[in-house]
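Following: one structure in structure tokens, then a few remarks.
The values are calculated or read from the model by the stated rules, or taken from the named source; none is laboratory data. Note that the structure is predicted; figures quoted are calculated from it, not measured. No Cβ is skipped: glycine too gets one built from the backbone with ideal geometry, and neighbour counts run over all protein chains shown. Ligands, DNA and RNA are excluded from the accessible area calculation, which covers all protein heavy atoms including side chains. Shrake-Rupley method; radii C 1.70, N 1.55, O 1.52, S 1.80 Å.
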Amino acid sequence: MGKHLFRSSPPQEKQPAHQTLAESAVQECMSKINTVISKWTSPSPSSDAHLFSTNSRREAEEFAEAVRHLHITMHRLAAVNPSSEKLVYAQNLMQSAMNLLESEFHRVLKENRQYLDPECVSVRSYRSSRFASTPTSVSDSEDETFYEENAAEEHRFSGGDSDAMDDLKMIADCMISTGYAKECVKVYKTVRRSIVDETLHGLAVERFTLHQVQKMDWDTLESKIRTWLPAVKLAVRSLFFGEMLLADHVFSSSLNIVESSFTDITQEGALTLFTFPENAAKIKKLSPEKMFRFLDMYESLASLFVEIESIFFFDSAAAVRAQVINSLAKLGDAARLMMTDFETAIQKETSRTPVVGGGVHPLTRYVMNYLSFLADYDESIAVIFENWQLTSPSPSPESFAGDDARPEELYSSPVSVRVAWVILLTLCKIDGKAQPYKDVALSYLFLANNLQYVVVKVRSSPGLKVLLGEDWVVRHEGKVKQYAEKFEKLAWGKVLTSLPENPKEEIAPEEARELFGRFNDEFEAAYRKQMSWVVPDPKLRDWIKISLSGKLVPVCSEFCVVNRFGLGGDGFNVRYTPEDIGNYLSDLYFGSRGSGSVSTKGSGSGSGTGSSTTVKSRGGRSH
């Protein structure tokens, strides 16, 4: 037994030395920490003085290091002497230190709010973030430009501490490493969530239920959409992106905390923002003119989708990503439904009152303006209409092409096929609206005017030109020329045939006078009839006039020169000289001059803008 006691006595004698060493280490840390706590928690210092500030940053760093060291030495002491009274004092002091750090963390978050504005954070930090080099991060040229252009914004934040982000990280690292992550994260979430909510409120982002959205009149809903469009870009590229970077910087020591903090702070606001398009798209009986606002929303969401995925990439943010995908799907459904209604409205258009002067019909203007606006959304409609096939279209785009080619061979995409078919459908309607004109020549002028309007719209619209192609334009320009030639033959045929085929051959004076008299009568009749006729397109108008002048003036001039003696005798009155003909022709096709009229079948004539139709234009894309 004595041997046993002898062998066990040395450890018992050495143990107090280990305890003393551990307690000494704890005591040393406690002294440093206690000094700092006393200094920065006493009421004597100025209210403007804080531990984490420019003038005391070195002291703050030493304090944080001392707290971490205290935590380590406490564990060592607990390992050798778990009942040491020093542990109780150390734990109380640790709690006081955490209270000070938590208070400073809250103060830095609140007082440096301007500098911690998400836009400023995103400008400062996105290049150095762990996410900046990931494959899904925002790194394309457009977004590089966005941040470079906004880099100048950083200087406008005044009164904020330029080291605020680093101070927050220092405090967070200290609190997390010492087991106080929960307290730190709670403060962070509370402050930053209020900032996110306030920022979204400032962007006029409101939380609406489906029922509330469906009860809105169109003016109210459109106003909400107008507000949403810039708000979603700012929210994604500045607010949410900045919050992700800030959380990543402050809690860089723990990806799990980054995820939970960012998701809890942003998810509710993000879902509010991204749910609005879906609710709006679920409204029933949306007229075709409203499609462009929904395409605006689709375009905005689609253009931001990669950024949204890179920002809300955490598993806990799956609901946000799913909501964006669902909203895009519903917006696509709404666009297809409105396009179907647009096509149906064209098919059901039944106005019969002719347009005065054979001008462009309102239906033609409306359809082409609509398609021109639609083509501006080329990337969006390419996705929305990608797998949306025409169901037994009648007439078919192939029939309008004048050959037996299949649609996929004629046009570059399903969108092209659909646009070509809508134009064909419209022109078939216009062909029917040419029938009420009593004068066949005027009906051909009407067809030429409307097809020319279509061709000019396609050629002047980059989107439509790409969709339909140069061959389509050339082919339809040829059809315009055919209509114009038929018009010319019918409207001026009697005038052209009233003079001899060979004007160089001199004829008897009486015969010359008779022929030229008939020419004068026919020219005057044709001119008076066509004084109210109109060719709105200057290029087509000039082509018709040049063509007529080329046929009339040389023949008339030659005839007058050859038969000048026969025409000049017995007081014969030459009412229209070759020079007069050119002047009179130049005055035609500008519309009513007060003496012309349009003779039509049916009751009454249309106004200068055409008869009303079932399809109403809202007057262009008012974006």
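How would you rank 72-81, 363-372, 443-452, highest first, on the average number of other Cβ atoms within 10 Å across their residues?
Result, highest mean first: 443-452, 363-372, 72-81.
Between Thr577 and Gln91, what is the label-to-label distance in nm when each label sits 7 Å out along the Cα-to-Cβ direction?
It is 12.1 nm.
With a ≥ b ≥ c taken as the square roots of the eigenvalues of the C-alpha gyration tensor of segment 159-207, please select rounded if a/c is under 1.5 and otherwise prolate if a/b is larger than b/c or oblate if it is not?
It is oblate, given that a/c is not under 1.5 and a/b is not larger than b/c.
Between Arg68 and Asp264, take the C-beta separation as r, use R0 = 30 Å, and let me know the FRET efficiency to the nearest 0.05. If you can, show how the numbers build up before the last one.
Details: r = 27 Å, r/R0 = 0.88.
Result of the calculation: an efficiency of 0.70.
What is the extension gain from Ala382 to Arg76, computed as 0.36 nm multiplied by their sequence separation minus the C-alpha to C-alpha distance, in nm to one decimal?
Going from the current span to full extension adds 103.5 nm.
Across segment 459-476, in residue order, what do the Karplus-derived ³J(HN,Hα) couplings come to in whole Hz, using 6.51 cos²θ - 1.76 cosθ + 1.60 with θ = phi - 60° and x for Gly and Pro?
5, 8, 9, x, x, 5, 4, 5, 5, 9, x, 5, 4, 4, 4, 4, 4, 7
Quick check on my link table: of Lys438/Lys551; Lys433/Lys481; Lys457/Lys489; Lys290/Lys429; Lys110/Lys189, which ones sit more than 18 Å apart, alpha carbon to alpha carbon?
Result: Lys438/Lys551; Lys433/Lys481; Lys457/Lys489; Lys290/Lys429 exceed 18 Å.
What FRET efficiency, computed as 1/(1 + (r/R0)^6) with R0 = 45 Å and r the Cβ-Cβ distance, is obtained for Glu111 and Ala319, rounded to the nearest 0.05? Show your work: numbers first, answer last.
Values: r = 33 Å, r/R0 = 0.74.
Taking R0 as 45 Å, the efficiency between Glu111 and Ala319 is 0.85.
Of all accessible surface on segment 407-549 at a 1.4 Å probe, what whole percent is carbon and sulfur?
Numbers: 3350 of 6330 Å².
Answer for segment 407-549 is 53 percent, counting heavy atoms of protein chains only.
For Arg352 and Leu255, calculate 0.36 nm times their separation in residues minus their Cα-Cα distance, and state this gained length in nm to one decimal.
27.9 nm
Note down the net charge around Ile283, summing +1 for each Lys or Arg and -1 for each Asp or Glu among other residues with Cβ under 15 Å from its Cβ.
Computed value for this residue: +2.
Rolling a 1.4 Å sphere over the protein heavy atoms, what is the accessible area per residue of segment 414-538, to the nearest Å²?
43 Å²
Estimate the FRET efficiency between Thr227 and Ser177 by the formula 1/(1 + (r/R0)^6), using the beta-carbon distance for r and 35 Å for R0, to the nearest 0.05.
Efficiency, rounded to the nearest 0.05: 0.20.
How far is it, in nm, from the label point at Arg207 to the one at Ala329 when both lie 7 Å from their Cα along the line to the Cβ?
Distance between label points: 2.5 nm.
So who's got an amide H within less than 5 Å of the one on Phe590, skipping anything under 5 residues away but keeping other chains? H placed 1.01 Å off N, in plane.
Those qualifying (amide H under 5 Å, at least 5 residues apart or on another chain) are Val535.
Work out from phi, with θ = phi - 60° and the Karplus expression 6.51 cos²θ - 1.76 cosθ + 1.60, the ³J(HN,Hα) of each residue of segment 226-240, listed in order in whole Hz, and give x for Gly and Pro.
Taking θ as phi minus 60°, the curve returns 4, 6, 5, 4, x, 5, 5, 5, 5, 5, 6, 7, 10, 5, 5 Hz for segment 226-240.
On a full-extension model of 0.36 nm per residue, what is the gain between Lys282 and Glu59, subtracting their alpha-carbon distance, rounded to one decimal in nm?
Working it through step by step, the gained length comes to 74.4 nm.
List the residues, sorted by chain then number, that are 5 or more residues from Ser351 or on another chain and whose placed amide H is less than 5 Å from its amide H.
Those lying under 5 Å, H to H, from Ser351 are Thr614.
So what are the ³J(HN,Hα) numbers for segment 275-286, from phi and the Karplus equation (6.51, -1.76, 1.60; θ = phi - 60°), rounded to whole Hz, Gly and Pro as x?
7, 4, x, 4, 4, 5, 5, 7, 5, 8, 6, 7
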